[in-house]
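Student: I have a structure I would like to understand better, so I am pasting it below and will then ask my questions one at a time.
Rule-based calculations on the coordinates, nothing more; no lab input. Remember, predicted model here, so these are calculated numbers, not experimental data. Positions of Cβ are backbone-derived with ideal geometry, glycine not excepted, and every protein chain shown enters the neighbour counts.
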Amino acid sequence: MTIQATDGFLVVDKEPGMTSHDVVAIARRALGTRKVGHAGTLDPMATGVLVLGFGNGTRLLQYITDGDKTYSATIVLGQSTVSDDKEGAVIATASKEQVDVISNDQIATALGAMKGTIFQRPSSVSAIKVDGERAHARVRAGEEFELPARTVTISQLDILGIRKSESSIEVDVEVTCSAGTFIRAIARDCGDSLGIGGHLSALRRTRVARFDLNGGVTINQLKEGEFVTLSVTDVAELTFPIRQVSEEEAMDLSFGRILAPCFNDDVTAAIGHGELLALLKNSEGHARPIAVFAAKN
């Protein structure tokens, strides 16, 4: 079994049929710590990149989830479900005649209209909280409601293939989008705009910010302890602008003191002697530590 660090990150290639929490539970056993979190929930149906942080890595998770994400997915047109994916009960089915008249150009136009910054209504069966309770729990309890639309950005929505059958149309797509975008909602909205309904039948996340499937470990490898972790410093250097700090600045950071302003207004990683010391953010003419990880003594 590989000896692992106490702080860092791990990229898991999630299998279908598992919740993100299931993966976290396995990782806790494999890493020997309960301090494990994940960046960006994947539905049980979905597969692909799930970024785990452990130890001090959990404190970075909120900062690395803001990057865009890439997915490959299959949309089924001709049938709507309560969850906007194949896991939910069917609530409407289009006739063969309705499906037959839909052209490839119409599908391309419907999906093309979603590119850019748009208002998207999240799927009701989701982990979003409504009055302190998960939306999916309220739906399963029989409540009917719609979540309010929110702004998302879809920078890429490419059609990879279209397959037609007697009762439905399958559309393979690749999507790059901002955090908070629902691929299920893309399938639903595409079907609605064409008047035949739609849902998602397959979803694979291939990238989260700087993390992709290269080096991702399988669930079996995680269980067997056959994996390599990324250090907190390595991830910080991949994710943020870097500021090399002096011995004196490192000491100031250890006490939570402010520094001279950074060269930009983004969250910046303060690195000293090859170690992540803190995350900095400019405020009122100074660089203020928003998270301190280590200090040079």
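Student: Taking the dipole about the Cα centre of the chain, with the C-beta of Lys and Arg at +1 and of Asp and Glu at -1, give me whichever of Ser123, Val36, Leu60 is farthest to the positive side.
Tutor: Val36
Student: Of His21, Val228, Pro261, which is farthest towards the positive pole of the chain's charge dipole, taken about the Cα centre with +1 and -1 on the beta-carbons of Lys, Arg and Asp, Glu respectively?
Tutor: His21
Student: Farthest toward the dipole's positive end in the chain, which of Ser80, Val171, Ala5, given Cβ charges of +1 (Lys, Arg) and -1 (Asp, Glu) about the Cα centre?
Tutor: Working it through, the farthest residue towards the positive pole turns out to be Ala5.
Student: Something else now. Please compute the length gained on full extension between Thr153 and Asp266, using 0.36 nm multiplied by the number of residues separating them and subtracting their Cα-Cα distance.
Tutor: Values: separation 113, 0.36 × 113 = 40.68 nm, distance 1.98 nm.
Length gained, Thr153 through Asp266: 38.7 nm.
Student: I need the Debye-formula profile for the chain: one equal scatterer per C-alpha, no solvent, reported as log10 I(q)/I(0) at q = 0.08, 0.14, 0.15 1/Å, two decimals.
Tutor: Listed by q, the Debye log ratios stand at -0.43, -1.06, -1.15.
Student: Evaluate the distance, in nm, between pseudo-label points positioned 7 Å from the Cα of Leu213 and of Ile258 along their respective Cα→Cβ axes.
Tutor: So the label points at Leu213 and Ile258 sit 4.8 nm apart.
Student: Do the alpha carbons of any pairs in Lys35/Lys86; Lys35/Lys115; Lys14/Lys86; Lys14/Lys281; Lys69/Lys96 sit beyond 30 Å of each other, and which pairs? Don't jump to the answer; show the numbers that get you there.
Tutor: Numbers: Lys35/Lys86 33 Å; Lys35/Lys115 38 Å; Lys14/Lys86 18 Å; Lys14/Lys281 33 Å; Lys69/Lys96 35 Å.
Where the Cα-Cα span goes over 30 Å, the pairs concerned are Lys35/Lys86; Lys35/Lys115; Lys14/Lys281; Lys69/Lys96.
Student: Quick check: pseudo-label points 7 Å beyond the Cα along Cα→Cβ at Gln106 and Thr65, how many nm apart are they?
Tutor: Simple spin-label model gives 3.9 nm for this pair.
Student: Still on this structure, I have one more. If r is the Cβ-Cβ distance from Arg28 to Asp172 and R0 is 35 Å, what FRET efficiency results, to the nearest 0.05? Please report the intermediate quantities before stating the final value.
Tutor: Values: r = 35 Å, r/R0 = 1.01.
So, using R0 = 35 Å, E works out to roughly 0.50.
Student: Might you report the magnitude of the Cβ-based charge dipole of the chain about its Cα centre, with Lys and Arg at +1 and Asp and Glu at -1, to the nearest 20 debye?
Tutor: Charge dipole, the chain, about its Cα centre: 540 debye, nearest 20.
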